[in-house]
Structure formats: structure tokens, C-alpha cells
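The values are calculated or read from the model by the stated rules, or taken from the named source; none is laboratory data. Treat the numbers as computed from the prediction; the structure is a model and nothing was measured. Positions of Cβ are generated from backbone atoms using ideal geometry, with glycine treated the same way; all protein chains shown enter the neighbour counts. Heavy atoms of the whole protein, side chains included, go into the accessibility calculation; ligands, DNA and RNA do not. Shrake-Rupley method; radii C 1.70, N 1.55, O 1.52, S 1.80 Å.
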Amino acid sequence: MSKENEQQSKLEIKRHSLAHVLAAAVLEVFPETKFGYGPPVENGFYYDFELPRTLVPEDLPIIEEKMKNIIKQNFPLEHKTISIEEAKSHYDKLNQKYKLELLEDLEKEGYKEVSVYKLGQFVDLCNGPHLESAGEINADSFKLTRISGAYWKGDENQPMLQRVYGVAFNNKKELKKYLKELEEAEKRNHRKIGKEMDLFANFEEIGQGLPVWLPNGYAMRKTLEDYMLKMERLYGYEHIATPHINKAELFEKSGHLGFYQDSMYSPIEIDGQTFYLKPMNCPAAMMVYKRKPYSYRDLPYKLGEFGTVYRYEKSGELHGLQRVRGFTQNDAHVFCTSDQLKSQIKEILEMMVKFYINLGFENYKFRLSLSDPENDKYIGSKEDWQEAEDTIRQVLQEEKMEFTEKKGEAVFYGPKIDVQAVNVFGKEDTISTIQIDFNLPERFDLNYIDKNGDKKRPFVIHRALIGSMERFFAFLIEYYAGKFPLWLAPKQVKILPVSDKFNEYARKIKRQLLEKDIRVELDDSDESLGKKIAEATTQKVPYMLVVGEKEKESDSVAVRHREGKKQEVLKVDEFLKKVEDEIINKK
């Protein structure tokens with residue numbers, strides 16, 4: 001094991017031990033506590049509890065102080081292996097119903113003995129490993145951060161428990177650095193900024209996980225859709241729109257009802273036929289290809305769709321725009337011959353790079369998911385898999401793309417490339433995917449006629465440059481902290497008259513901007529200029545135009561950028577030219 005991996009392993013053990021220290025501390029504060037479980041997680045740990053009252057943020061410092069006292073007393077973490085019966089007797093006396101349920105599950109799986117760890121008065125079911133004693137923990141290297149609700153076993157039909165989260169690092173310096181990043185991350189939280197900028201909203205009456213795009217958010221979404229439609233047309237794509245519900249027959253043919261049904265919604269019965277909300281756009285795209293015969297001269301055939309799909313997510317896992325139940329994908333399906341595979345993957349990568357440049361993304365890398373030769377789960381011939389994997393690798397190498405290979409991580413129906421965008425904190429998010437599919441062409445019996453007049457299977461490439469619009473926008477909001485590039489900003493310009501005497505002049509400028517398809521808003525309220533500027537700054541509008549007597553007389557505007565306090569006086573025509581140039585060139 002490398003030194004870095006060894007250090008990370010020790011840190012994970014420390015975090016796991018801290019979850020037990022947290023539980024022991026909560027037991028001191030609330031002797032009636034019913035315990036769920038508490039694992040280590042990325043950057044820290046958590047534990048789930050059923051408590052006699054709802055926790056509030058003010059409880060965290062109290063619990064934290066109890067944890068530090070346990071560390072100071074240096075209680076050992078004592079390990080034992082005991083029989084299931086002994087464990088059941090122990091937890092039955094303490095009325096620990098969740099632990100008893102876990103023991104019943106283990107008994108059904110055939111376990112006769114279980115591993116437990118004792119820390120002070122707290123005894124937990126756990127396989128470890130743990131530190132020898134609580135005193136090995138640096139009391140300045142962890143902090144409790146937040147409280148949330150969590151369904152027992154992640155099942156929304158089970159009781160809601162209270163989850164306490166903590167973070168932990170090797171030392172105080174690392175913790176301080178992380179907490180500073182956490183504070184910055186909260187400022188960039190897409191739900192917080194989405195509310196401040198009026199981008200999207202969730203309504204209980206509409207349904208959880210079904211976000212509504214508000215006018216500002218929709219303006220951005222439409223701008224991005226138009227951009228992508230234009231780019232795809234330039235690369236030879238045609239576009240389709242397929243229904244939100246499809247017959248069960250289609251999903252039986254595609255295999256989704258066999259391997260994906262748990263993520264699909266309940267069937268809809270109409271006139272004696274069964275329909276489903278579509279979880280994917282792919283099956284309908286296969287039908288579009290299959291509607292007529294093709295020769296090798298007709299390929300590649302490229303189909304694009306902004307299609308809305310619906311997938312079941314547990315309510316406890318829903319999160320803003322990142323985890324939703326209905327979302328729109330920038331889907332595309334490329335049908336090509338073996339000889340065209342390399343050029344098509346190369347072209348898709350070219351599109352991606354152009355897109356990222358226009359968005360201002362500079363830090364991204366590629367992850368190539370490959371098959372495991374020792375596993376026989378894969379659909380398609382070994383020859384096709386080898387050709388596809390070799391071709392993708394070759395293109396990435398020729399294009400000098402930074403990439404890592406992950407053997408055994410390919411899904412059963414084909415290798416893929418995931419594009420990992422790196423956010424301001426170094427965290428990776430998958431924003432685009434290129435997926436080769438050997439499954440659907442076989443299931444739908446897709447063919448083309450080659451040069452010799454023989455039937456051949458086309459290669460099918462699934463391609464999603466944006467992936468999910470909702471998830472992508474969550475990333476975009478946090479990446480820019482709401483300060484979007486001018487071409488994408490929901491409101492590009494805000495006009496601020498000094499007083500109502502100049503409202504008419506301001507309306508004239510607004511008309512000129514609207515004629516140039518610039519998204520503009522006029523603040524003709526009775527508020528002071530200072531308040532108007534503050535409001536526009538909060539909304540993160542790229543340009544503010546202050547207009548008063550001097551501007552009216554000279555047919556000009558005082559231009560103020562959201563990043564500075566200086567004003568530049570420009571003729572209206574000059575400003576229009578400047579803004580148009582920035583929008584067209586995606587500056």
C-alpha cells in the first residue's frame with residue numbers, strides 16, 4: 001500500500017471511530033436514544049438516531065463538547081464477537097428496535113455470530129476496524145456540521161430518523177481548510193442561488209423532485225437548447241420529439257422492463273393497454289431508425305432529442321436540481337458503420353471541446369470505462385468490444401485528452417467515456433457521456449446494407465453533451481456562483497433610471513435592446529438609485545445602465561459592470577455593438 005493510501009485508510013478508520021464517539025455522546029445527552037447506524041463517508045461520518053425531540057443547530061456544540069470529553073477520557077474501543085442470541089438479548093433489554101431489526105436480517109442471512117464494539121456505555125453492531133481508543137483522535141480535527149432527516153434503511157415507508165453529520169481530517173489545519181471551502185460551497189449552493197435569482201422552484205402541489213423552471217431559469221435553458229440545436233445541425237444531426245409515455249411492449253423489447261423496472265413508475269392502463277412514463281429516450285429513437293431501410297451510404301445517421309424522462313428516486317434522495325424525478329436529456333443517437341466509428345467519436349469530442357470553451361470550462365478530464373475479460377456479463381461479441389475499446393482509446397490518445405481507464409466499470413451493453421468536470425473545490429462531476437451500445441441494435445434488429453449487399457448491424461453511440469439539463473444547471477450555478485457568462489445570463493442588462501423623469505428614455509433604450517434580442521429589464525420603481533444598483537447586483541445582472549439628464553441629452557448610457565463600481569459612459573449604439581459582440585463570440 002502506498003504512503004498516501006495508507007494515510008487515507010487511517011483517516012477512514014478515524015472517521016468510523018468518530019461515528020461511534022458521536023453515538024456515545026448522543027446517548028449521554030438523550031438516554032432514550034434509539035440507534036440506527038453510522039458509517040464513515042467522504043470527508044467525515046454520520047449517525048442516524050430516533051430521539052425524544054427534534055434537534056436544532058444549537059445542539060451540535062453541546063454534543064461536540066461531549067465527544068471531546070469522551071476523547072479526553074480515552075475510552076477504549078473494545079471489540080468482541082458474540083452470538084446472535086446474546087446480541088438480541090442485549091438490545092432487547094435496551095429496547096433498541098433498529099438494532100434488533102438488523103440482527104433479524106443477519107439471522108435470515110445465516111449468521112450465527114456478530115461483531116460488536118463497546119465505547120463507554122455504548123455498544124454497537126459493527127465489523128470495524130476502529131482505533132484502539134478514543135484518545136487517539138485529535139479533538140481539534142473534527143466538527144459536527146449539520147442535521148438532516150433520513151429514512152431508516154433509505155426506505156420512505158420506514159420511520160424518519162435524525163441524521164447528524166460531522167467532518168474529520170488528519171489535523172486542525174486540514175479541517176480549517178475544508179471548513180473554509182464548505183463556507184464557500186454554501187455561498188455557491190445551487191438551491192440558495194436558484195431561489196435568490198428566481199431560476200427554479202419546487203411546489204408540493206406539483207410534486208417532489210419535479211422542479212419548475214421559472215422565467216429566469218427558462219430563459220437560460222432555452223438559450224442553451226438553442227445553442228445546442230444549432231451546433232448539432234451544423235454537425236449533421238436531425239431532431240425528433242418522442243412521447244412522454246410509451247406502450248409496455250416497447251420497454252419489453254428494449255429490456256427495460258426486465259432490468260430497469262425498479263426505477264420506472266407504475267404502469268398506466270388506457271383502453272386495455274399498458275403504458276409507462278419513459279425512463280429513457282433510446283427505445284423510441286431505435287424505432288425511428290427502424291422505420292425504413294438504410295444502406296451504408298445513408299450512414300452515419302444522427303438523431304438528436306431534448307427528451308424529458310421520468311425515473312423513480314426515493315424522496316429522501318431528492319436534492320434540488322441534482323436528484324430529481326423528471327428531467328430533460330440532451331440525447332443523441334449516432335448510427336454508423338464500423339469504418340465510421342473512429343471519426344464519429346472524434347467528432348463528438350470536438351463538439352464537446354467547443355461547448356466547454358464557450359461555457360468557460362477549462363478543468364475537465366475523461367474516464368474510459370472498459371469491460372473485464374474475466375466476466376461474461378457483456379452483450380455483444382468480444383471482437384466488437386475490442387474494436388470499440390481500442391477505437392475510443394486511440395481517439396483520446398490522438399486528441400491528447402487526459403484520461404484514466406477503469407477496467408470492469410463498463411455497463412453490460414458497451415464501453416463508455418464519462419467527462420468529469422472539476423469544480424472550484426476540486427470535486428468531480430460527470431457532465432457528459434459517450435456510450436457505445438451493443439444491446440439495443442440487437443434487441444431491435446437494426447440493420448443496414450453494406451457495399452456487398454449484406455445486412456450488417458450498425459454501431460450505435462449514445463451521446464449526451466449536456467446530460468440532464470437539471471443536473472447540468474446545478475453544476476453550472478455552483479461553478480459560476482450565479483455570475484453566468486453574458487450570453488447565458490437570465491437577465492443580461494438592467495436599466496436603472498435616476499428618477500421617474502427618465503423612465504420614458506429608459507423605455508426607449510429597452511425597446512432598442514429587445515429588438516437586438518438582448519434580455520433586458522427596466523427598474524422603474526420609486527426606490528433610490530443605490531437600492532436599484534444593490535438589487536441588480538444581488539440578481540448578478542452582468543450590465544447595469546444608469547440613465548439621467550446627461551445620458552438623455554447625449555443619447556448615451558452610464559455602463560456599470562456587476563464586478564466593479566466604475567461607470568463608463570457610452571453612446572447607446574456603442575453599447576449595443578459591445579454587448580452583441582460579447583454574446584455572439586461567447587466572451
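Tabulated values for the structure
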quantity: Local electrostatic count, K247, Cβ distance below 14 Å [Lys/Arg +1, Asp/Glu -1]; calculated: -2
quantity: Contact order relative to length of the chain, as percent, for alpha carbon pairs under 8 angstrom and 6 or more apart; calculated: 10
quantity: Principal axes of the chain: Cα extent on each, largest first, Å; calculated: 84, 76, 57
quantity: Charge dipole (region 307-347, unit charges on Cβ, about Cα centre) - positive-most of Q329, I345, L318; calculated: L318
quantity: Cα centroid separation - region 419-474 against region 127-171, whole Å; calculated: 38
quantity: Computed [θ] at 222 nm, helices only, for the chain once each DSSP H run of length n ≥ 4 contributes -39500 (n - 2.57); calculated: -12000 deg cm²/dmol
quantity: Total charge dipole magnitude, region 1-115, about the Cα centre, Cβ charges on Lys, Arg, Asp, Glu only, Debye to nearest 20; calculated: 320
quantity: Heavy-atom surface of the chain, accessible at 1.4 Å and reported per residue (Å²); calculated: 51
quantity: Farthest toward positive dipole pole in region 448-587 [+1 Lys/Arg, -1 Asp/Glu at C-beta], among L513, A464, S499; calculated: A464
quantity: Gap separating the Cα centres of region 264-337 and region 527-570, nearest whole Å; calculated: 46
quantity: Spin-label model distance (nm) - D500 vs Y312, 7 Å beyond Cα toward Cβ; calculated: 5.8
quantity: In nm, spacing of pseudo-spin labels at K577 and E238 (7 Å Cα→C-beta vector); calculated: 4.3
quantity: Listed residue (Y165, G128, N216) projecting farthest to the positive dipole end of the chain, Cβ model; calculated: N216
quantity: Spatially proximal lysines relative to K172 (Cα-Cα < 17 Å; intrachain offsets below 8 disregarded); calculated: K10, K14, K68, K72, K143, K180
quantity: Percent RCO, i.e. relative contact order, over region 1-152, from Cα pairs under 8 Å lying at least 6 residues apart; calculated: 30
quantity: Region 11-162 - convex hull of alpha carbons, volume per residue in Å³; calculated: 113
